[in-house]
Amino acid sequence: MSIGTISHVTFAKFGIFLYNSAIIKKYLFMSLSTEEVKKIAKLARVELTADEEKRHATTISTVLDFVYMLNEVDTEGVEPTAQVTGLEDVTREDVVKNSEIKKELLKQMPQVSAGLLKVPAVFGDSEDVI
């Protein structure tokens with residue numbers, strides 16, 4: 001079975017099995033604490049229960065351990081690969097054009113200043129609108 005056919009739930013359960021397995025114990029390198037998970041959740045603005053914090057600490061640690069184990073794979077002579085489909089990006093020159101509907105769009109915005117949309121601040125605890 002390829003990794004593409006494993007659901008994320010199955011993968012997580014398999015990871016927890018490996019995490020608790022005696023065979024894999026020698027490969028354990030990362031261990032996130034629940035405090036670190038709380039910090040990540042706060043930065044992502046995600047609310048987690050205590051059970052979810054504990055579960056995510058274990059699951060994320062397991063994934064990080066898998067990634068760390070990849071460092072031991074011998075890649076000597078393997079050419080770096082960015083993509084394997086052979087598809088190429090189709091690009092065009094970036095040209096600035098006047099938009100005929102800019103004024104109409106700005107009329108629909110809740111707050112506008114100097115011809116720009118005003119939005120709540122993202123960084124910091126400020127409620128200021130920038």
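What's the extension gain from residue 41 to residue 106 if we count 0.36 nm per residue and subtract their Cα-Cα distance? Walk me through the numbers before you get to the answer.
Values: separation 65, 0.36 × 65 = 23.40 nm, distance 3.43 nm.
Gain on extension, residue 41 to residue 106, equals 20.0 nm.
Remark: the stretch 94-101, residue by residue, has Karplus-estimated 3J(HN,Hα) of 7, 10, 7, 10, 6, 9, 6, 9 Hz, where x stands for each Gly or Pro and the curve is 6.51 cos²θ - 1.76 cosθ + 1.60 at θ = phi - 60°. Between residue 54 and residue 88, what is the spin-label point distance in nm, taking each point 7 Å from the Cα along the Cα→C-beta axis? According to this spin-label approximation, the distance is 5.5 nm.
We did not get these values from a lab; they are worked out from the coordinates using the rules stated. Computed from a predicted model, the values in this text were never measured in an experiment. Positions of Cβ are generated from backbone atoms using ideal geometry, with glycine treated the same way; all protein chains shown enter the neighbour counts.
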